[in-house]
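First the structure, in the form of structure tokens, and then the observations on it.
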Amino acid sequence: MKHNQWIRVALDVPLAGPFDYRVPESLQAIKGQRVLVPFGRRELVGIVLETIESPSYPEDQVKDILMVFDDLSPLPQDWLDFGLFAASYYHRPVGEVLLPAMPSALRKPGSYTGKLSKGGPVARLDRRKKTAIALAPPEDNTHVLNEEQQEAVDAVLAIKGFKTVLLHGVTGSGKTEVYLHLALDVLTKGKQVLFLVPEINLTPQFEQALLARFQQVVGLDGIAVLHSGLAEGERLKAWVAIQRGQARIVLGTRMAIFAPLQQAGLIIVDEEHDASYKQQEGLRYSARDLAIWRAHQLDIPVVLGSATPSLESWQHANVGRYLKLTLAKRAKTTYMPAIKLVDTKQIKLEQGFAPVVLHAIRERLERGEQSLVFLNRRGYAPVIHCASCGWMSQCPRCSVYTVLHRMPGHGNVLQCHHCGYYGRVPVKCPDCGNQDLEMLGRGTQRVEEYLQAAFPQACVERIDADSTRLKGSARKLFDRVHSGEIDILVGTQMVAKGHDFRKLGLVCVLNADAMLFSSDFRAPEKLFAQLAQVSGRAGRHVAGGEVLIQTAYPEQAVYQALIRHDYDTFANASLEERKITHLPPFSHQVLISAQAKTVNQAMQFLLETRQLLASQPQLSGFQAAINMYDPVPLRIVRVAHVERAQLLVESASRPVLQAFLGHWLPLVQEIGKRHRIRYFTEVDPLEI
Ligand SMILES: Nc1ncnc2c1ncn2[C@@H]1O[C@H](COP(=O)(O)OP(=O)(O)OP(=O)(O)O)[C@@H](O)[C@H]1O
Ligand SMILES: [Zn+2]
């Protein structure tokens with residue numbers, strides 16, 4: 001047999017490639033294997049994409065690969081194809097998709113070369129003593145499915161091959177139980193289940209449920225968890241178990257969509273509407289959208305679950321492209337919580353609280369029930385201000401205010417939520433010398449402090465990005481909520497979704513209006529989802545759940561739909577508006593965001609790229625079908641001394657938009673090089 005001499009390799013470098021190499025006689029390299037190659041002055045790990053007849057540049061310039069790693073079986077063809085699809089859809093080099101998907105130990109040259117490598121990371125992992133001790137599985141509370149749940153399970157099990165299912169179940173309707181029943185069926189057929197959740201904080205709750213239900217079926221090593229909070233070794237262990245087919249259930253956040261599954265039978269995407277499925281840097285992918293492509297590729301069903309589906313998914317279900325299944329009732333209490341609007345125009349607030357809200361918290365305390373105070377703003381106060389001259393605490397690097405934080409042991413600091421800047425709190429106004437600086441507004445820290453003072457007998461805790469910075473601290477806090485130890489919980493969106501708190505009777509929402517007048521066309525959709533989710537934490541196990549939303553605009557449609565628990569009407573009306581205004585899901589969008597020293601430079605670059613549509617003959621065919629908006633500065637124009645502007649491109653047809661990008665983006669890249677400007681491309685942006 002002829003020695004296959006030439007291979008094409010995916011490398012994690014920001015260049016288009018292709019990268020071709022020679023395989024010396026002494027080595028064998030096949031598709032899907034990882035290889036060590038020289039690249040410039042460095043050595044890199046790459047993935048063999050294919051063997052080729054001849055390289056795409058002169059043979060004498062082609063270098064030899066240095067090593068082949070065969071400590072794992074080659075990555076499967078369908079995994080490579082999946083990466084190639086994602087790369088082409090999001091217009092990124094394939095190496096930037098495939099390599100970052102893997103644990104770093106498998107793509108670092110250092111883990112295979114040098115004295116300490118000892119046969120590479122997989123061998124080291126295998127040699128390590130198996131420490132997994134079979135603990136008794138956690139208590140399982142399997143439920144007999146109610147009628148709605150049973151119908152949903154039956155409908156999914158009847159599917160042959162690929163189908164997207166939208167499971168629209170109100171909060172607390174028992175979607176998890178449906179997922180678990182589906183998973184059991186798939187596992188008994190010997191297939192794998194991929195289970196995506198939006199947030200790391202939700203993984204322990206689901207991991208417990210999966211262990212309880214399936215540890216006997218698949219063994220302790222049969223469940224692998226993948227998320228960005230894992231230590232490197234844990235991530236490697238999970239990856240190896242998945243690629244070897246030992247892990248039967250893969251639970252993870254968005255990154256888990258790139259798991260090298262061996263025999264997948266079902267993909268589940270819980271809280272499919274959640275923006276956390278969108279990666280906001282590097283490869284800006286949507287794990288929800290990729291899950292649908294992956295299921296299609298593997299010819300298996302994919303279940304998207306939500307109480308408040310994204311309007312994209314809702315529209316697909318309305319026209320019959322997705323199978324819509326509904327859970328209209330709560331599983332335990334059968335009652336939805338009563339949602340009431342507290343009109344703040346009429347009343348004087350006490351530290352941001354309406355008297356009825358404080359009264360309601362007191363009542364729940366007396367009954368031994370928990371209350372959740374939801375406020376999407378962390379820190380102590382959003383800004384400090386001088387009443388005599390109007391000075392405000394502005395970030396020196398960004399066009400935003402710095403937020404006052406109380407740092408235990410460090411006193412007060414001003415912190416920028418955009419660039420990470422820290423500064424001292426001035427003792428007097430830097431402009432006029434006035435010594436009475438005021439705090440404006442309130443964040444979670446200030447609310448926590450006030451509630452503790454107002455209810456000294458209660459256990460008040462705060463869950464937000466600050467209180468959970470240390471590894472494991474979020475889990476501890478959530479455990480304390482579940483155990484009932486915490487009486488009043490103050491939290492940001494971290495606590496709003498997915499959690500099944502048993503003793504929580506009351507939810508209070510403080511600053512909902514902040515999102516009401518955003519320029520983003522998705523703002524009402526997001527607000528409805530967020531409020532419905534946080535409301536859904538109330539009264540899941542006890543009757544009499546109540547939600548109090550403080551607002552100065554109770555007549556707004558989004559609030560009116562919310563108090564009636566009427567997602568359907570809200571979603572359909574929103575879709576009508578989107579249709580008239582040609583917005584997604586009735587059009588498809590791509591965003592180019594440019595960053596420069598001055599916003600003018602960024603705008604100039606975008607204007608030039610915009611003009612290509614009219615000036616380049618090869619783009620003229622697209623003029624009728626592509627709509628380009630005027631470039632605009634971002635709402636927060638400067639972050640860390642960099643100014644930003646964006647250009648939105650739109651088309652009614654996804655394939656036309658994709659074809660256009662294929663022609664246009666290489667020209668954009670040339671202009672970018674000429675202007676020496678940093679920019680990124682985002683297909684299907686969620687925030688505009
Ligand atoms: N058939 C059933 N009978 C009784 N209780 C059930 C049944 N199914 C589920 N439950 C219980 O109902 C509660 C809510 O279920 P679950 O957390 O799955 O809701 P969910 O639909 O995921 O809600 P959310 O969208 O708010 O996350 C859980 O405590 C669960 O154990
Ligand atoms: Zn800043």
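The values are calculated or read from the model by the stated rules, or taken from the named source; none is laboratory data. Please read all numbers here as calculations on a predicted model, not as lab measurements. Positions of Cβ are backbone-derived with ideal geometry, glycine not excepted, and every protein chain shown enters the neighbour counts. Keep in mind that these areas ignore ligands, DNA and RNA; they rest on the heavy atoms of the full protein, side chains included. Shrake-Rupley method; radii C 1.70, N 1.55, O 1.52, S 1.80 Å.
Any idea how far the Cα center of region 227-248 sits from the one of region 101-128, in Å? A separation of 14 Å, based on Cα centres. Estimated from the Cβ-Cβ distance and a Förster radius of 25 angstrom, the FRET efficiency linking residue 244 and residue 212 is about 0.55.
Inter-label distance, residue 142 to residue 598: 7.0 nm, where each label sits 7 Å from its Cα along the C-beta direction. With the helix formula -39500 (n - 2.57) applied to DSSP H stretches of n ≥ 4, the chain reaches a computed 222 nm mean residue ellipticity of -9500 deg cm²/dmol. The gain in end-to-end length when the residue 117 to residue 635 segment is fully stretched comes to 181.6 nm, 0.36 nm per residue minus the alpha carbon separation. Database remark: amide H of residue 342 closer than 5 angstrom to the amide H of 549, 550, 551 (H placed geometrically; neighbours at sequence offset of 5 or more, or on other chains; Pro and chain starts carry no H). One decimal place: the segment residue 418-residue 519 gains 34.4 nm when fully extended, by the rule 0.36 nm per residue minus the C-alpha distance. Phi-derived couplings, Karplus 6.51 cos²θ - 1.76 cosθ + 1.60 at θ = phi - 60°, listed residue by residue for region 480-495: 5, 5, 4, 6, x, 5, 8, 8, 10, 10, 9, x, 8, 4, 4, 9 Hz, with x used for Gly and Pro.
Take the alpha-carbon positions of the chain, form their convex hull, and give its projected area averaged over all directions (one quarter of the hull surface) in nm². Result: 34.8 nm². Here the Karplus relation 6.51 cos²θ - 1.76 cosθ + 1.60, evaluated at θ = phi - 60°, turns the backbone of region 233-245 into coupling constants of x, 5, 5, 4, 4, 5, 4, 4, 4, 6, 5, 7, x Hz, with x for every Gly and Pro.
Counting only alpha carbon atoms, the long axis of helix 147-157 and the longest principal axis of the chain meet at about 10°.
Nearest 5 percent is fine: what portion of the DSSP beta bridges confined to the chain is antiparallel? Taking every DSSP beta bridge within the chain, about 50 percent pair in antiparallel fashion. Each 5 Å bin from 0 upward holds the following percent of the Cα-Cα pairs of region 260-352: 3, 10, 15, 17, 15, 11, 10, 8, 6, 3, 2, 1, 0.
Based on C-alpha pairs under 8 angstrom that are at least 6 apart in sequence, the chain has a relative contact order of 11 percent. Per residue, region 420-511 exposes an accessible area of 47 Å² to a 1.4 Å probe, with every protein chain left in place. Between 0 and 90 degrees, the angle of helix 287-298 with respect to the longest Cα principal axis of the chain falls at about 40 degrees. Axis of helix 77-90 versus longest Cα principal axis of the chain: the two differ by about 60°, to the nearest ten degrees. All C-alpha to C-alpha distances of region 147-327, sorted into 10 Å bins beginning at zero, yield P(r) values of 10, 41, 39, 10, 0 percent in whole numbers. The convex hull of the Cα atoms of region 519-582, projected and averaged over all directions, covers 5.0 nm².
Could you list, in their original order, any pairs among 31/118; 63/118; 108/175; 189/324; 332/526; 160/503 whose Cα atoms are separated by more than 29 Å? Among 31/118; 63/118; 108/175; 189/324; 332/526; 160/503, the Cα-Cα distance tops 29 Å for 108/175; 160/503.
From the largest down, region 588-683 spans 39, 25, 17 angstrom on the principal axes of its Cα atoms.
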